[in-house]
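This report concerns only the one structure given below.
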Amino acid sequence: MNWHLITDQQRFKELLTGWASTKTLALDTEFMRVNTFNPQVALLQLNINQKIYLIDPLAIDTVALGLGELLANPHSLKILHACSEDIEVLFYKYPQARIHNIFDTQIGLAFLGYGLQVGYQKALKECLNIDISKAETRSDWLARPLSNEQLQYAASDVEHLPALYDFIANRLRDKGLFDYCQEDSLLMLKEGAPVPYLKTLYQQFSNAWQFDRRQLLLLKNLAMWREASARLHDIPRTFVLKNHTLLAMVQKRPHTLAQLSRIEDLHPRTYQKHGPMLLEMIKAAQHHPIQQCPSLLPLPLPKSAKSLFDVLRQKTEKIAQQHHIPADVLLRKRWLDALVLGYIDEGENFTLPLALQGWRYEMLTVPLLEILASQRQHLLKWRQYRHRLDDSVEPAFN
């Protein structure tokens with residue numbers, strides 16, 4: 001395997017000019033995110049016309065020279081494998097020129113029945129009978145110089161991507177599934193790396209429905225402070241407060257520094273630097289006017305709702321068999337949860353998950369909505385239960 005390590009600005013500029021008209025390229029990234037909030041791009045690997053280029057972004061200003069624009073070109077196909085993290089990395093690195101027109105070979109393999117998360121090494125072995133090493137997966141990719149073993153490993157991640165794409169694409173076309181797969185790949189660009197809205201971060205904690213309104217205010221304020229601090233100092237959120245530490249503060253609401261110091265896994269640096277401020281946040285939330293605190297969050301659905309999910313899954317299985325699509329590809333759990341909860345909470349005019357608005361809409365979404373519409377009385381009862389509109393109490397299910 002031959003590859004070219006690109007560390008010279010002028011050489012890279014010349015190559016970019018020649019790449020501008022390319023119709024297809026294979027792409028991968030190596031990055032680090034151990035001590036930082038944002039991913040640190042360490043290497044970009046390209047396979048263009050069967051030539052492999054390892055681009056060093058620590059030596060080259062790839063932003064100023066226009067690599068983002070190459071990846072954003074809607075007329076060239078970018079082939080990646082398991083690209084959700086790559087998308088986040090590239091969105092952060094090239095915010096003004098976001099990558100466009102991708103095909104994720106992992107998604108393609110899922111459509112072909114290989115499972116939702118087949119790794120690249122396994123994919124090459126099962127599809128092309130090619131063995132590659134993964135020995136350098138956990139290397140320090142920001143260290144310089146990169147070893148020959150690291151560079152060989154990085155090159156292998158794109159060397160066989162075009163052949164894997166051909167293998168998958170041909171079989172998808174034979175089954176009439178290629179366009180569906182392509183749409184799902186592009187869906188990742190729509191869903192990828194969203195910037196969270198600070199004021200609703202607290203709603204992402206799965207057990208937050210258990211808290212009263214003043215606890216929710218404290219949870220909201222702590223989550224916002226943690227997010228802002230992490231972003232400002234470019235450190236992981238857990239370096240500020242771990243999730244269970246944050247939740248313990250909300251549950252126990254310590255009054256003194258001594259009580260605060262006993263909160264599980266509260267980092268000594270955070271305690272020493274921010275302890276008095278955290279106590280003030282706790283005190284302020286406890287005395288805040290209740291009517292100005294966040295509303296209680298909806299309860300999880302009761303156990304009696306499980307039968308509805310079973311019916312929806314059975315319908316999905318039947319449709320999946322008719323169209324020769326794996327059921328777990330046709331409908332993910334998170335889409336089903338969002339569909340049911342959206343319909344219960346907001347009624348027929350709620351906003352569908354993006355995945356259920358595209359090619360799945362006529363095939364799957366409409367039949368599932370018909371089932372939901374037939375259960376209006378049950379859904380109304382569950383809406384009242386979730387939003388505590390009556391005195392009924394049923395055990396929740398997960």
- Residue tally, condition open to solvent by less than 80 Å² (accessible area, probe 1.4 Å) and either out of contact with any helix residue (DSSP H, G or I) (no Cβ under 7 Å at 6 or more places or on another chain) or of a type in the set (Ser, Thr, Tyr) (or both), over segment 277-294: 3
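Report those helices (runs of 4 or more DSSP H) wholly inside segment 298-396 carrying at least 3 residues which are open to solvent by 60 Å² or more (accessible area, probe 1.4 Å) and not acidic (Asp, Glu).
Of the helices (runs of 4 or more DSSP H) lying wholly inside segment 298-396, those with at least 3 residues that are open to solvent by 60 Å² or more (accessible area, probe 1.4 Å) and not acidic (Asp, Glu) span 306-323, 376-386.
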- Task: Say whether the condition of being farther than 18 Å from residue 277 by Cβ, touching a Leu at 6+ places or on another chain (Cβ under 6 Å) and not hydroxyl-bearing (Ser, Thr, Tyr) is met by at least one residue in segment 227-236.
- Result: no
- Are there any pairs with C-beta distances below 7 angstrom linking a residue in segment 122-137 that is of a type outside the set (Phe, Trp, Tyr) to a residue that is loosely packed, with under 13 Cβ neighbours inside 10 Å, with the two at least 6 apart or on different chains, and if so which? 125/131; 136/149
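Regarding residue 134, is this residue within 24 Å of the chain's Cα centre (by Cα) and either of a type in the set (Ser, Thr, Tyr) or open to solvent by 20 Å² or more (accessible area, probe 1.4 Å) (or both)?
Numbers: within 24 Å of the chain's Cα centre (by Cα): yes; either of a type in the set (Ser, Thr, Tyr) or open to solvent by 20 Å² or more (accessible area, probe 1.4 Å) (or both): yes.
Yes, satisfied.
For segment 179-195, indicate whether the set of residues that are free of Cβ contacts under 8 Å to residues at least 24 places away in the same chain, under 25 Å from residue 30 (Cα atoms) and of a type in the set (A, V, I, L, M) is non-empty.
Looking for residues that are free of Cβ contacts under 8 Å to residues at least 24 places away in the same chain, under 25 Å from residue 30 (Cα atoms) and of a type in the set (A, V, I, L, M), one finds at least one in segment 179-195, hence yes.
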- Query: Quick one: what pairs do we get from segment 33-44, first residue outside any loop (DSSP other than H, G, I, E, B), second open to solvent by less than 60 Å² (accessible area, probe 1.4 Å) and acidic (Asp, Glu), C-beta under 7 Å, 6+ apart or different chains?
  - Reply: 42/30; 43/30; 43/56
- Item | Among (1) buried (at least 20 other Cβ atoms within 10 Å of the Cβ); (2) touching a Phe, Trp or Tyr at 6+ places or on another chain (Cβ under 7 Å), the one test that residue 32 misses | (1)
- Taking segment 73-100 on its own, how many of its residues are over 18 Å from residue 184 (Cα atoms) and free of Cβ contacts under 8 Å to residues at least 40 places away in the same chain? 4
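The values are calculated or read from the model by the stated rules, or taken from the named source; none is laboratory data. Note that the structure is predicted; figures quoted are calculated from it, not measured. Methodologically, a virtual Cβ is constructed for each residue, glycine included, from the backbone with ideal geometry; neighbour enumeration extends over all protein chains shown. Please note that ligands, DNA and RNA were not included when accessible areas were found on the heavy atoms of the full protein model with its side chains. Shrake-Rupley method; radii C 1.70, N 1.55, O 1.52, S 1.80 Å.
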